[in-house]
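The values are calculated or read from the model by the stated rules, or taken from the named source; none is laboratory data. Just so it is clear, the structure is predicted and the values come from calculations on it, not from any experiment. A quick note on method: Cβ atoms are made from the backbone with ideal geometry, for glycine too, and the neighbour counts reach across all protein chains shown. Side chains are part of the model used for accessible areas, which takes the heavy atoms of the whole protein and leaves out ligands, DNA and RNA. Shrake-Rupley method; radii C 1.70, N 1.55, O 1.52, S 1.80 Å.
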Amino acid sequence: SKLAALFEHPLYNIPIPEVTEKDKLFVVNPMEKFSLRSSGSDEWVSSSKAETLLPTGKTAYDTYPTWLKFHVGINRYELYPRRDPLMPTLLHELATQRIISSVQKSGGTQLKLIMTFPNYGQALFKPMKQTRDQETPADFFYFSDFERHNAEIAAFHLDRILDFRRIPPVSGRLVNITKEIRDITTDKKLAKTFFISPAGNICFYGECSYYCSTEHALCGKPDQLEGSMAALLPDKTLAKRRSWRSPWRRSYHKSKKAEWELNPNYCVQVRETPPYDRGHRLLDLIDMTVLDFLMGNMDRHHYETFEKFGNDTFLLHLDNGRGFGTHSRDELSILAPLQQCCSIKKSTYLRLQLLATQPYRLSDLLREALATDTLAPVLAEPHLRALDRRLGKVLAAVGRCLAR
């Protein structure tokens, strides 16, 4: 396994600083236990007050469902550890656990559902809108592009291979529209949008500002629908997140250009503006730029951080559905922060150089990582080959900066 060899490499074993109590997102009560609600039930309840005896040698933490262990593990430096023993279990549960509730997520431009499992875990479901081999038409503006379920899955694995670990776990899943959405939804607005197509397939379109109409309905075959299931982050009432507008945000206008597109010295003013004037925030943003360029995502208008950790923490790379839309074109403007600031973390640069070598070729690693997903093959081959070409362009951009 190339992936196993990669994670053994010294560049993937650089220790993170010691995690103290104040560096953890949650301080956990070591006595708080979870137990099954009744025999034969698969619903969890907090039972610190109930008289439950734990098997010898077990701690209260061992009784937590996997999603809660994931939440409890988040700290100032990483969303999940490199060698996370929970990850295979969490991905498997996202793909297989029984769905007991499906409701539409409010906000956003396209249809997404929040799905709940019997153990109170929740996931964000993005349905399939186009096939693996369809490219975004060249005449489409980036802001009118579809969100792709397979891009969300591939982005999670790519982020992990780059050792950023800033995207919550995502798994592919085949959902039964009838049993797992229509029959169990309590969302009246969503329920009104189901119909049977002339081909006899079950379809629905929900309510949103783009692509929520009969012409853009999501249809099963006859009721099976592919989608991505992303583990939800802790509720914002428990762990507040701050949303930051990206300094290199696009104009989201058909003809207007953003300031960074007109001013080659734009980075000078960014470097003088908090929070980019100190710490590693600008370097973290350039990490995100590299990720976005590799997958061709032009839609990074905001990013988020956990409020508890202030400015000294990682950026969350959320909402990656507009990646992997084209493999035949490379959008060099995505690399503007790297090109204009001529800065990159040494550790990131060394890992990118490693991923350009034969034993650790980036396309091979991502292909191997995606092969374990329920919906494999997740990406069409041309998208995987494009990664190697784009990686070469990132390294060339750094090379030009070093020469300067």
Next item on the list: Would you pull out the residues with amide H under 5 Å of Arg241's amide H, same chain only if 5 or more places away, H placed 1.01 Å from N?
Entry: Glu307
Next item on the list: With the cut-off at 29 Å, report for the range 241-403 the share of all Cα pairs above it, as a whole percent.
Entry: 20
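Can you count the Lys pairs in the range 241-403 with C-alpha separation below 28 Å, eight or more apart or on different chains?
Final tally of qualifying lysine pairs is 7.
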Item checked: Rg/Rg_ref, the range 197-287, where Rg_ref = 2.2 N^0.38 Å and atoms are Cα -> 1.73
Margin query: Test of understanding: in a Gaussian network model of the chain with alpha carbons linked when under 10 Å, which of Ile286, Ile167, Ile16 would top the mean-square fluctuation ranking?
Written below: Ile16
Margin query: At 1.4 Å probe size, put His92, His253, His327 in order of accessible surface, largest to smallest.
Written below: His92, His253, His327
Check: Which residues make up the longest stretch of the chain clear of chymotrypsin sites (Phe, Trp or Tyr not before Pro) that lie in a DSSP loop with no more than 13 other Cβ atoms within 10 Å, not counting the sites?
Finding: 253-404
Notebook entry, point to check: Which of the aspartates and glutamates could be linked to Lys22 by a straight reach, that is with a Cα gap under 20 Å, when you skip same-chain ones fewer than 8 residues away?
Noted result: Glu32, Glu78, Asp235, Glu304, Glu307, Asp312
Note to self: I need the phi-derived Karplus couplings for the range 111-127: 6.51 cos²θ - 1.76 cosθ + 1.60, θ = phi - 60°, integer Hz, Gly and Pro marked x.
What the structure shows: 5, 9, 10, 9, 10, 10, 9, x, 8, 6, x, 9, 9, 9, 9, 10, x
Next item on the list: Please give every one of the aspartates and glutamates within straight-line cross-link reach of Lys2, meaning a C-alpha to C-alpha distance under 12 Å, and leave out same-chain neighbours fewer than 8 residues apart.
Entry: Asp364, Glu368
Next item on the list: Run the numbers on the range 241-403 and let me know its relative contact order in percent, using alpha-carbon pairs under 8 Å that are six or more apart.
Entry: 24
Notebook entry, point to check: Counting only residues 5 or more places away or on other chains, whose amide H sits under 5 Å from the amide H of Gly172 once H atoms are built in the peptide plane?
Noted result: Met229, Thr374, Leu375
Margin query: Can you tell me which lysines have their Cα less than 21 Å from the Cα of Lys112? Leave out same-chain residues fewer than eight positions away.
Written below: Lys126, Lys129, Lys179, Lys188, Lys189, Lys192, Lys221, Lys236
Notebook entry, point to check: Which ³J(HN,Hα) values in Hz, rounded to whole numbers, follow from the phi angles of the range 328-345 under the Karplus curve 6.51 cos²θ - 1.76 cosθ + 1.60, where θ = phi - 60° and Gly and Pro get x?
Noted result: 8, 10, 10, 8, 5, 4, 4, 7, 3, x, 5, 5, 7, 8, 6, 9, 7, 5
Check: Where in the chain are the DSSP H helices whose alpha-carbon span along the long axis reaches 15 Å or more and whose Kyte-Doolittle mean is at least -1.0?
Finding: 149-161, 281-295, 381-403
Checklist line | Accessible area (Å², per residue) of the chain, counting only protein heavy atoms and a probe of 1.4 Å | finding: 47
Item checked: Over the chain, relative contact order from alpha-carbon pairs under 8 Å, at least 6 apart, % -> 17
